[in-house]
Structure formats: structure tokens, C-alpha cells
1. Spot the failing condition for ALA17; the list is (1) surrounded by 10 or more Cβ atoms within 10 Å (Cβ to Cβ); (2) outside the structural domain of PHE294 (by the TED database); (3) touching a residue at least 40 places away in the same chain (Cβ under 8 Å), and only one is missed.
2. Inside segment 97-107, can you point out the residues that are out of contact with any helix residue (DSSP H, G or I) (no Cβ under 6 Å at 6 or more places or on another chain) and either surrounded by fewer than 20 Cβ atoms within 10 Å (Cβ to Cβ) or not aromatic (Phe, Trp, Tyr) (or both)?
3. Could you list, in sequence order, the residues of segment 39-71 that are within 19 Å of PRO388 (Cβ to Cβ) and acidic (Asp, Glu)?
4. For segment 271-297, name all the residues that are more than 12 Å from the ligand (Cβ to nearest atom) and in a loop (DSSP other than H, G, I, E, B).
5. Considering (1) part of a helix (DSSP H, G or I); (2) surrounded by 14 or more Cβ atoms within 10 Å (Cβ to Cβ); (3) not hydrophobic (A, V, I, L, M, F, W, C), say which one ARG324 fails and leave the rest.
6. Against the condition at positive phi and surrounded by fewer than 15 Cβ atoms within 10 Å (Cβ to Cβ), how does GLY381 come out, does it pass?
7. So VAL26 clears everything in (1) assigned to a loop (DSSP other than H, G, I, E, B); (2) free of Cβ contacts under 8 Å to residues at least 24 places away in the same chain except one condition, right? Which one?
8. Being within 11 Å of the ligand (Cβ to nearest atom) and either assigned to a loop (DSSP other than H, G, I, E, B) or more than 17 Å from VAL216 (Cα to Cα) (or both) is the filter here, so list the residues in segment 233-263 that pass it.
Amino acid sequence: MMPNKRCPIWHPFTQHALDNEMTKVVRGNGAYLYTADDHRIIDAISSWWVVTHGHCHPQIVSAIQEQAGKLNQIIFAGYTHDPAEEVAQLLLKLAPRGVDHVFYSDSGSASVEVALKMALGYWHNIGEQRTRIVVMQHSYHGDTFGAMSVGARGVFNAAYGPLLFDVTSIPFPASGREQATLDALESACRNENPAAFIVEPLVLGAGGMLMYPAWVLREMKRICEASDVLFIADEVMTGWGRTGTIFACEQANVVPDIACYSKGLTGGALPLAVTLCRAEIFDAHYSEDRTRTFFHSSSYTANPVACAAAKANLDLWKDQECHRRIAAVATMQEQAIEALRANPRFANVRRCGTITALDLKTRDTGYLAGVGPKLHAFFKGRNLLLRPLGNTIYVMPPYCVTAGDLGEIYAGICDAADALA
Ligand SMILES: *Cc1c(COP(=O)(O)O)cnc(C)c1O
């Protein structure tokens, strides 16, 4: 054991005995972060997938400043405010047609808890016994108990396993094995009378940036529909342009019954999340009987400053320039990985929209692969913010990233593979 150098702050997903040196960042601008000793870091993972248009985007910053001086917090039961009203309206315009209500919360995990509670509340209130949730292998939906229960079981949650609720898991639709996934879903829907199926559309993020095609998403929705199983799209990571369209479900023409958005909802400036649902789900809770109320809230539900940031973000999405940037980043990313497809050090070189991922060929794989921390340290030394998932390296940049930045990122990745080979 290393001597215990007490760090008063307990950092997330950090093993302090192995990694106790935190890099202090003092400011951010666009795709860059600047350290206290004035090194410029390229943020190749959008600060854990949240920053979309770049750090400290001027329109988002000024919206926050303006709202902070006007109304910075208000109870949201029985009260409302312009930023929340405007964001809800804009969201319902952007979201798949057929989704009608917006419930606010403050993190992706909370938006998933809300989605699960909406689904269970729906069946409860219409008097049908349906409580089982179907999930996809390798999924990640957050770190609270409900979100962990519907996520992959493994090292992240081994200590809590006995208290996680039981779910039915269908296999990930790996290339060439899609039918097995669809068959498993069909059988679960037919035999287990489930309440809902929850899935990350097109890309499974924390599970290793695993990608599957839109037609599989489309088919999964069709199967759920046929058995009245509620379809929950967790777009917490895939939303806001990451997969090449604002929401991944668009590519499959899928209208989810319930959808979760967070991360890039404020452009990555402030914590905020929403759970959207179809009218039937709201209606099942709509009653003069108060026991049918949707009993969920967090203190900061629809915080006005966070909503003002989201409003500024949604305004940016009205601009064609934003959509051009997405397409440009997708093209640059494809060009960047083209050469790596033939590189013998890498396997499964893949891309979905603006996200690329590749697996470093190593003997040990999985999230705790020894190569993970070594890669992370190597990238830190190169002033690149990349945080591989085990031996899977991925690039998910903010949309203001330049070809030059990507050049530096991929040069770093190739050098790391050579150095650690
Ligand atoms: C990050 C993530 C979450 C959890 O969001 P938090 O804001 O970290 O609670 C849920 N689902 C998916 C798909 C995510 O990527």
C-alpha cells in the first residue's frame, strides 16, 4: 500500500491510492482547458461527454449571467418561470413528434429514475401488474440504485448487487448477431409481461462505445410496440448531435414513449436533465385522485439559471451553422480514423456521427485493463484529455474542434499505442 496522503476531496471514479495527483484547471475556452501552470489541454472527450459547442460558449455564458441576476432558484411545484417554459416548448419542437410532456430534473441518473418511475406509475395507475424492466447487455444508465439496476452488473456495482432489482437482459446486437438480440427481446416481451425496455440508442457509452445500426433500433421499437411494452430511450449521452443527428432516435424514425436527455442539454455548462413522455403516460397520472400524483422532485427541479443555459443551447441548435459543424466534425473524424483501420495495433475501429472509438489490442481487456491508467497518464503528459474505457480509446470532441486539434489527438493515440506496445 502506498502511504495514505489524505486528499480531503473524494473524486469520482478515482482510486486515490493509485492516482492522487489532480490536474488543476483554471479556465476553459472552446476545445481547450488551461491548467494553473498554463498548459493548454485539448478536451477530446468533452469533459465527460457534456460540452457540445465548446467551453464557455459566449451566448451560453451571457444567458447564465443575465438569468443569475434576475431569478436564480424557485420551487417548481405550483410555480413556473420563463426559462423553463421556453425550454419545454423548444424541446417539444425538436423531440420526436408524439412526445408531449417534459419533466425536469438535474442529472442523467435522475432522468433515468424518473423514466422508470413514470413507466411503473403508468402500469400501476391503469391497474395492470407490470413491473419487470428489460435492458440491454453492457448498458450504462447512471449510478443511482434504479439506474444501476438497469445497467450492466460488474465491478462498478459489485458491492451493491444484492440490493439491485432483478431485470431481464438481452444480448448486445454485435455485428452479424443482431437477430439474436431481436429474438431475445421478442421472447422477453411475449413471456415476461414487462413494463418497459430501456436502451441507449445507437451507441452504448460507458459500456465501451459499442455501436449498432439504426435498423436494429427500429426493430426493437417495433417489437416493444407489438406487446405494449414502453420504450425508454436513454439519450443522455447520444443526444445533442453526438451521433450525427440531434437525437439518435431520429435516424431510426423511432418515437420513444419516454426519453431522457441531459449532458449536452445546457451545452455542458450547468447540470440539468429532462424526461419526456407521451400523453398516455401523463394522462395515467392525471386524476382528481391525489394518490395518482407523480411523486418525484428534486430541490433544484428546473433551476432557472440552468434552464437559461439550456435555452441558449436550444437557440444555437436553430442555427444551420450548428448542423454544419456536426457534419464537418463527423467528416474530419472519419478521415482521422481511416488510416487506423489498417493499423495492426487497433481493432474494431468505429465511428457513429461525431464519436470514434477503437480497441487497443492488449492481452487484458475490460474496464480494469491495466493499460487503461497507463494510457490515461500518457495522454495527460501530452496535454490531451482522453480517458479510455479499459483498452477502448474513444474521441468525443466538442463541435468547435479543429482538424489541427484532431491531428494532435490521433498522433497522441498512435504514439501511445507504440509506446505501450
Ligand atoms: C452519463 C450517463 C447517464 C448518467 O448521467 P449523470 O448526469 O452522470 O447522472 C445516464 N445514461 C447514460 C447513457 C449516460 O451516458
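1. Condition (3) is where ALA17 drops out.
2. Initial filter on segment 97-107 (out of contact with any helix residue (DSSP H, G or I) (no Cβ under 6 Å at 6 or more places or on another chain)): 97-99, 104, 106-107.
Result: ARG97, GLY98, VAL99, ASP106, SER107.
3. At the first step, the residues of segment 39-71 found to be within 19 Å of PRO388 (Cβ to Cβ) are 41-51.
Matches in segment 39-71: ASP43 only.
4. ARG278, TYR286, SER287, GLU288, ASP289, THR293, PHE294, PHE295, HIS296, SER297
5. (2)
6. Working: at positive phi: no; surrounded by fewer than 15 Cβ atoms within 10 Å (Cβ to Cβ): yes.
When the stated conditions are applied, GLY381 does not pass them.
7. Against the list (1) assigned to a loop (DSSP other than H, G, I, E, B); (2) free of Cβ contacts under 8 Å to residues at least 24 places away in the same chain, VAL26 comes up short only on (1).
8. Our first condition is that a residue be within 11 Å of the ligand (Cβ to nearest atom); within segment 233-263, this holds for 233-239, 242, 248, 260-263.
Correct list: GLU235, VAL236, MET237, THR238, GLY239, ARG242, CYS260, TYR261, SER262, LYS263.
The values are calculated or read from the model by the stated rules, or taken from the named source; none is laboratory data. Since this is a predicted model, take the numbers as computed values, not measurements. Counting neighbours? That spans all protein chains shown, and the Cβs are built from the backbone with ideal geometry, glycine included.
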